[in-house]
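As structure tokens, the structure follows; a few thoughts come after it.
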Amino acid sequence: MTPVASTLHLGESGEQARILPDEHDGWVLEIGGAIQSHVDLADPTRIRYEYLRRMANVLDACRRAGQPISVLHLGAGALTLPRYVQSRRPGSAQTVVDLDRELPSFVLSALPLPEGTDLTVLIGDAREELEKLAGQRFDAVVLDIYTGMDAARHLTGRDFYAELLQALTEDGALLVNIGDDAGLQFLGQQARALESACAAAGLSGTWTLADSTLLEQAQAGNIVLAAGGALAVPDPEALRSALLAAGPHPAAVLDPAQ
């Protein structure tokens with residue numbers, strides 16, 4: 001089935017969601033007039049947005065190629081990363097949580113998942129749904145929900161990050177997308193909060209992945225914070241080099257000591 005452009009009103013957020021073809025041989029999800037996600041149905045391993053590519057690189061570096069993993073995605077979007085995981089790691093068990101009840105079904109009907117995808121969809125607030133999943137452990141937890149100084153503060157901070165770390169397997173990875181304004185003050189707050197949560201959990205600390213220019217000039221953009229037992233490796237420099245080489249470039253990868 002060939003996708004067609006579609007539009008839907010989201011009841012929870014009140015925004016208009018649209019799925020449209022784009023110039024990059026794929027499809028985009030637009031919410032409230034802003035593009036949120038890009039999907040290439042022909043090649044789900046092709047990830048257009050840099051921060052998602054960096055998240056995928058961490059998953060690739062921390063697990064044997066092709067090994068199925070369990071992943072909890074907080075924030076659905078167009079399910080770009082679940083598509084990637086299924087394509088690279090068939091048989092993976094994935095769970096996605098989204099606040100907008102209509103969004104996942106809207107996306108799935110317009111942009112079907114790769115064949116065989118094992119995906120459970122939960123509707124609700126990410127923190128509340130995480131609490132309901134207490135006792136379950138995941139090889140990776142991905143937090144990709146818009147937060148900020150004045151947005152979804154309950155999905156930020158030391159206590160919430162501690163809850164996310166508790167949801168990981170012993171060798172799991174937590175991946176957090178931080179979108180920030182110029183100056184990167186919010187990033188600084190959240191990096192310190194995650195570092196504190198790691199210390200309390202006995203973990204080695206927080207990794208930071210981003211466009212190197214963004215960090216050097218404190219520009220607005222998306223930065224990935226990563227933590228968990230999967231990144232507590234005997235040779236951090238080898239992991240750092242692998243993640244740097246994976247790009248996208250120009251890339252910066254800071255290990256906890258940096």
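The values are calculated or read from the model by the stated rules, or taken from the named source; none is laboratory data. Because the structure is a prediction, the values reported are computed rather than measured. Cβ sites come from the backbone with ideal geometry, for glycine too, and all protein chains shown count toward neighbours. Just so you know, the surface numbers come from the protein's heavy atoms only, side chains and all, with ligands and any DNA or RNA stripped out. Shrake-Rupley method; radii C 1.70, N 1.55, O 1.52, S 1.80 Å.
The table below lists the values:
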| item | result |
| --- | --- |
| GNM result for the chain, Cα springs below 10 Å: residue of Thr169, Thr45, Thr120 fluctuating most strongly | Thr120 |
| Placed amide H near Ala251: partners under 5 Å, 5+ positions off or other chain | Ser212 |
| Largest-first principal axis extents of the Cα set of region 1-93 (Å) | 40, 28, 25 |
| Region 24-174, dipole about Cα centre (Lys/Arg Cβ +1, Asp/Glu Cβ -1), debye to the nearest 20 | 400 debye |
| Label-zone membership for region 48-67, site Ser241, 7 angstrom Cα→C-beta point, backbone N under 20 Å | 57-65 |
| Kirkwood Rh in Å, taken over the chain so that all alpha-carbon pairs contribute | 18.5 Å |
| For Leu174, distant residues with modelled amide H under 5 Å away | Val141, Ala227, Gly228 |
| Calculated diffusion of region 97-138, Stokes-Einstein form, Kirkwood radius summed over Cα pairs, 4 °C and 1.567 mPa s, µm²/s | 111 µm²/s |
| Region 107-244, Cα convex hull volume normalised per residue, Å³ | 150 Å³ |
| Relative contact order for region 144-189, counting Cα pairs under 8 Å that sit 6 or more residues apart, in percent | 44 percent |
| Amide H contacts under 5 Å for Ala167, placed H, 5+ residues apart | none |
| Carbon and sulfur %, accessible surface of the chain computed with the full protein complex present, 1.4 Å | 49 percent |
| Assigned charges on the beta-carbon of Lys, Arg, Asp, Glu; the chain dipole about Cα centre (debye) | 440 debye |
| Cut-off 9 Å between beta-carbons: net charge of the residues surrounding Ile31, Lys and Arg +1, Asp and Glu -1 | -2 |
| Per residue solvent-accessible surface (Å²) - region 169-213, probe of 1.4 Å | 38 Å² |
| Relative contact order (%) - region 128-227, alpha-carbon pairs under 8 angstrom, separation at least six | 30 percent |
| Computed lengthening from Asp150 to Arg137, 0.36 nm per intervening residue step minus Cα-Cα distance | 1.7 nm |
| Helix 185-201 axis, angle to the chain major axis (alpha carbon atoms, nearest 10°) | 60 degrees |
| Spatial separation of Cα centroids for region 64-142 and region 42-62, in angstrom | 15 Å |
| Square roots of 5 times each gyration tensor eigenvalue, C-alpha, region 33-75, largest first, Å | 21, 13, 11 |
| Size descriptor, Kirkwood hydrodynamic radius, that averages inverse alpha-carbon separations across region 51-144, Å | 13.5 Å |
